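First the structure, in the form of structure tokens, and then the observations on it.
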Amino acid sequence: MKKYAIGVDFGTESGRVVLVDVATGEVAGTHSTQYKHGVITETLPHKQKKLKNSTALQHPQDYLDVLETSIPRVLEDSGVSKDDIVGIGIDFTSCTILPVDEQLTPLCFQEKWKDEPHAWVKLWKHHAAQPEADTINQLASESNEEWLKRYGGKISSEWMLPKILEIIHDREELYHEAALFLEAADWLTSLMVGEVKRNSCSAGYKGMWHKQEGYVRKEFLKRLHPLMENIYETKLSGEVVPIGSKAGELTEEFAAKIGLKPKTPVAIGIIDAHAAVPGAGVTAPGSMVMVMGTSTCHMLLSTKEEFVEGISGVVEDGIIPGYYGYEAGQAAVGDIFAWFVKELVPGYVEREAEAKNLSIHQYLEQKASTLPPGSKGLLALDWHNGNRTPLVDANLSGLLVGLTLNTKPEEIYRALIESTAFGTRLIIESFENAGIEINELVACGGLPHQNEMLMQIYADVTARPIKIASNKITSAIGAAMFGAVAAGSKLGGYDTIEEAAANMAKLKDKVFYPKQDHVEKYNLYYEEYKKLVNYFGRGTNNVMKKIKN
Ligand SMILES: Nc1ncnc2c1ncn2[C@@H]1O[C@H](COP(=O)(O)OP(=O)(O)O)[C@@H](O)[C@H]1O
Ligand SMILES: O=C(CO)[C@H](O)[C@H](O)COP(=O)(O)O
């Protein structure tokens, strides 16, 4: 009898449920539920009061709706019985947090708090806590906090401590009222199993937890705000459970709501990009996973904890148990190509693409593939949304050099793609400079399925082969693998994530191998790219920001 695991991927606009055959990794069904309230940026659902700038909230009911709608639908559509589901795992965008009461009910569900924005879920892209992040970074660098190095020298306004400090500053009463602040992944897992469990991935990358050293020291927290001193024993209390563990079993009540059997094993949650690593079949050092879409996350495993310039973080047990998991990133990739296509492509190109029944991307790819490496002397800096790794500077802007009166749109399109590949090579070099080896690349996300030229350019620029995940739902598949591991082999799952990935991950047959003559040409261009990086992005030269401001 076939056995299945369920993976649930909670994104920014919707949640997707995937049903995966445990033995083969075949996808037996998927179903997505759009969040009814989407991303709340202007006003709360019940109140017409303008929210403050850079606010991005969500409605927790939308997450429950995903589980209650899409799980029964996937079972019904596939004809798979709930008796054959061995386990369930969830992944979530992060850092996405909410305040709850003792019963784990979100404060925004209470009449008293429903009109208070801070009672709602703060989505990862809520950036209103930037002043708090600036304060934390300044104090941490002044007092030489060791932990800051694990986060590339700066923490983000998207993370747990800035978001909570913002609540203390804006609405202290709500801070006192909250029994706990939970990552949304942990809130759902805790509801499913009936007790509070925090996952080591979110705790480590976004909550400043370290397996050996614990959390940030109290003297530092007290300097941020006296109310923060004991925050980890109070509002952030709860066992931190390593990735790859079972969080517990579905309670009778929750199982009834989502149409599964009570006592179905539930995996501890994980962040979306991190779930994509085993989802793409990577469970050991040496292979870097690139989750490529609007932006790119670079994920890597190692046996060593090293301080790497500008990374988002390094966390022991953060991705695969037993390894240090590294996350780095480029703040814009697909978004740069989208900007070019939307804002700068002339009408004649649109008409030619339409006549050939191609999207503008496809048409430009077709034309640009015939160009030589280097796009006839064009060179770009991929900083249209700042630089995440290695410079950690959101204020930087993009650049294009080498234009002539003969420059064509497809040449610029190719140069922009090449610049993002150079950006990835710079990240690879940052890891190598810290003594961490990268032999091959595995790409997942939407982009690798949309543009073959882009993948070949990445192989040529990085001089490494690139494998591609077989579908775009790699994170959800990874979450399902963790569900299978929560079940264990006795219940028809697997005992380790390594075994689960070996059987359930699927890669495309086609591998992009570097072409030697292109590698050599790109080596020359890359040296010039680095000169631009050093000139405009490092040291005392501030010209890019001065012009921008
Ligand atoms: N053929 C293409 N070539 C290059 N980029 C593309 C192409 N088609 C879409 N894109 C870009 O891919 C991005 C979407 O990637 P996807 O992984 O689907 O989304 P997300 O990051 O939101 O999950 C957009 O920024 C879009 O500009
Ligand atoms: O911070 C992150 C990973 O650490 C992700 O960027 C965040 O979770 C949002 O991801 P997505 O745009 O794929 O939903």
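No value in this document is a laboratory result; all are computed from the given coordinates. Predicted, not measured: the structure shown is a model, and the values here were computed from it. All Cβ positions, even for glycine, are placed from backbone atoms using ideal geometry, and neighbour counts span all protein chains on display.
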I need the shape label for segment 80-215. Rule: rounded when a/c is under 1.5, else prolate if a/b > b/c, else oblate, with a, b, c from the alpha carbon gyration tensor. oblate
How large is ³J(HN,Hα), in whole Hz, for each residue of segment 481-497 in order, when computed from phi with the Karplus curve 6.51 cos²θ - 1.76 cosθ + 1.60 and θ = phi - 60°, using x for Gly and Pro? 4, 5, x, 5, 6, 4, 6, x, 5, 5, 9, x, x, 10, 8, 9, 5
Starting from the Cα of residue 2, draw a straight line to each of the lysines and keep only those under 21 Å, dropping any in the same chain fewer than 8 residues away. 82, 261, 263, 490, 506
Antiparallel %, DSSP beta bridges [both residues in segment 1-126], to 5: 75 percent
Pairs of lysines 8 or more apart, or on different chains, with alpha carbons under 21 Å: count those in segment 351-478, would you? 5
Put a dot 7 Å past each Cα toward the Cβ at residue 138 and residue 509; how far apart are the dots in nm? 6.0 nm
Using the basic label-point model (7 angstrom from Cα toward the beta carbon), what is the residue 359 to residue 531 distance in nanometres? 3.6 nm
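Give me the percent of DSSP beta bridges within the chain that run antiparallel, rounded to the nearest 5.
Looking only at bridges with both residues in the chain, the antiparallel portion is about 70 percent.
Would you mind classifying segment 208-321 by shape? Square roots of the alpha carbon gyration tensor eigenvalues, ordered a ≥ b ≥ c; an a/c under 1.5 is rounded, otherwise it is prolate if a/b is larger than b/c and oblate if not. Intermediate results must be reported in sequence, preceding the final value.
On the way: a/c = 2.09, a/b = 1.07, b/c = 1.96.
Here segment 208-321 falls in the oblate category.
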Calculate the translational D of segment 62-102 in whole µm² s⁻¹ from Stokes-Einstein, where the hydrodynamic radius comes from the Kirkwood formula applied to all Cα pairs, the temperature is 37 °C and the viscosity 0.692 mPa s. 260 µm²/s
Send over the semi-axes of the chain's equivalent ellipsoid, whole angstrom and largest first, taken as the square roots of 5 times the C-alpha gyration tensor eigenvalues. 37, 29, 23
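Over all directions, average the projected area of the Cα convex hull of segment 43-143 and note it in nm².
10.2 nm²
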Contour excess over end-to-end distance, with Cα ends at residue 14 and residue 339 and 0.36 nm allotted per residue: 114.6 nm
For segment 237-249, in order, what is each residue's ³J(HN,Hα) by Karplus, 6.51 cos²θ - 1.76 cosθ + 1.60 with θ = phi - 60°, in whole Hz (x at glycine and Pro)? 6, x, 5, 8, 9, x, 3, x, 9, 8, 7, x, 10
Pull up all non-local amide H partners of residue 319: gap of 5 or more, or a different chain, and H-to-H distance under 5 Å with H placed in the peptide plane. 325
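If packing is taken as the average count of other Cβ atoms within 10 Å, what order do 342-350, 323-331, 366-374 fall into, highest mean first?
Working: 342-350: 11.6, 323-331: 24.3, 366-374: 16.3.
Result, highest mean first: 323-331, 366-374, 342-350.
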Any idea what the relative contact order of the chain is, in percent, if you count C-alpha pairs under 8 Å spaced at least 6 apart? 16 percent
For the chain, calculated [θ]222 nm from helices alone, where every DSSP H run of n ≥ 4 adds -39500 (n - 2.57): -11000 deg cm²/dmol
For segment 423-549, the Kirkwood Rh over every pair of distinct alpha carbons, in Å, works out to 17.6 Å
Between residue 81 and residue 39, 0.36 nm times their residue separation minus their Cα-Cα distance comes to what? 11.7 nm
Spelling out what I want: for every residue of segment 351-358, take phi, set θ = phi - 60°, compute 6.51 cos²θ - 1.76 cosθ + 1.60 (Karplus), and round to whole Hz; glycine and proline get x. 5, 5, 5, 4, 4, 8, 6, 10
Among the listed pairs 125/342; 154/197; 197/246; 149/197, those beyond 18 Å (Cα-Cα): 125/342; 154/197; 149/197
